[in-house]
Amino acid sequence: MSKIPKHVAIIMDGNGRWAKLQGKNRVTGHQQGAKSVKEIVEEAVAQGIEYLTLYAFSTENWSRPKDEVNLLMKLLVSSLRKEFHRMVDNNIRLVSIGNIDALPTPVKDELLSVIEKTKNNTGMVLTLALNYGGKEDLTQAMRTIADKVKNSIISPEKVDESTINEHLYTRNLPPVDLLIRTSGEERISNFLLWHIAYTELYFTKTLWPDFKKEDLKEALLNYAKRERRFGKTSEQLTS
Ligand code: FPP
């Protein structure tokens, strides 16, 4: 049985601290972070990961200084433009999760254009979490389900796990097998809440701009050594 996780999600943290350590501004940190994104996406394809989900901008990130938010948005547009051909070469299908209607128009347009152009690709699914929050995702799902119940489209007793799953932004994604967070922080920060029920968590002190191929390989190796029991005993798994 393959020990390569099917779905890897990453909280890319530490761009600001990396910049500070180098005596540079936060902009440079995010630019270096974008370089790590490129390298890690290519390595994920090389490793045979089927789904890679990156936390690129959270619902909470809007409260950062306006200049930094603008820079992150610009970086997204330029990265999407620049990396589009490489996504095609690597047979990557780009999708997004989160409320993209609230993104600046150029970001939304570029994103939708790449999503459309890569929709028939059959390789790795690269998901960008943009204006995404786990609580917001669950909330919008509950709202839609409540509305359907109210209009007798669903009966309340029929609401089960699959109903909730089908209404989340993440509906087309499998559960996350491995969640990586860089920079030494050990928390979830409102990322995928539903899909991490049985996820293996991997925390590293490495700052995101320093997180490269070898670091991903190390995380995968660490994952491969773990025994996932999903609530069962070790004996049940081997029998
Ligand atoms: C965390 O570092 C990073 C972000 C809030 C955004 C992630 C964005 C990138 C990696 C750049 C481009 C993304 C793509 C998809 C091309 P931080 O600013 O929170 O760092 P700090 O905690 O050290 O201040």
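The values are calculated or read from the model by the stated rules, or taken from the named source; none is laboratory data. All of these numbers come straight from a predicted model, not from anything done at the bench. Backbone-built Cβ (ideal geometry, glycine too); neighbour counts: all protein chains shown. Accessible surface is based on the protein model in full, side chains and every heavy atom, while ligands, DNA and RNA are left aside. Shrake-Rupley method; radii C 1.70, N 1.55, O 1.52, S 1.80 Å.
Tabulated data
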quantity: Residue check, Glu83 surrounded by fewer than 18 Cβ atoms within 10 Å (Cβ to Cβ) and touching a Lys or Arg at 6+ places or on another chain (Cβ under 7 Å); calculated: no
quantity: Test for Lys6: is it open to solvent by 30 Å² or more (accessible area, probe 1.4 Å) and touching a Pro at 6+ places or on another chain (Cβ under 7 Å); calculated: yes
quantity: Residue in the stretch 68-76 that is away from the ligand (no atom under 11 Å from the Cβ) and farther than 26 Å from Thr204 by Cα present; calculated: yes
quantity: Filter result (touching a strand residue (DSSP E or B) at 6+ places or on another chain (Cβ under 6 Å) and assigned to a loop (DSSP other than H, G, I, E, B)) within the stretch 210-239; calculated: Arg226
quantity: Subset of the stretch 58-97 (residues that are of a type in the set (Asp, Glu) and either touching an Asp or Glu at 6+ places or on another chain (Cβ under 8 Å) or touching a residue at least 12 places away in the same chain (Cβ under 8 Å) (or both)); calculated: Glu60, Glu68, Glu83
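A quick yes/no check of all residues on (1) open to solvent by 30 Å² or more (accessible area, probe 1.4 Å); (2) assigned to a loop (DSSP other than H, G, I, E, B); (3) within 16 Å of the ligand (Cβ to nearest atom):
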position: Thr163; (1), (2), (3): no, no, no
position: Thr170; (1), (2), (3): no, no, no
position: Ile180; (1), (2), (3): no, no, yes
position: Glu186; (1), (2), (3): yes, yes, yes
position: Ser189; (1), (2), (3): yes, yes, yes
position: Leu192; (1), (2), (3): no, yes, yes
position: His195; (1), (2), (3): no, no, no
position: Leu201; (1), (2), (3): yes, no, no
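To keep it simple, each residue is scored yes or no on (1) more than 16 Å from the chain's Cα centre (by Cα); (2) at pLDDT 95 or above; (3) on the phi > 0 side of the Ramachandran plot.
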position: Ser162; (1), (2), (3): yes, yes, no
position: Leu173; (1), (2), (3): no, yes, no
position: Val176; (1), (2), (3): no, yes, no
position: Asp210; (1), (2), (3): yes, yes, no
position: Leu216; (1), (2), (3): no, yes, no
position: Tyr223; (1), (2), (3): yes, yes, no
position: Phe230; (1), (2), (3): yes, no, yes
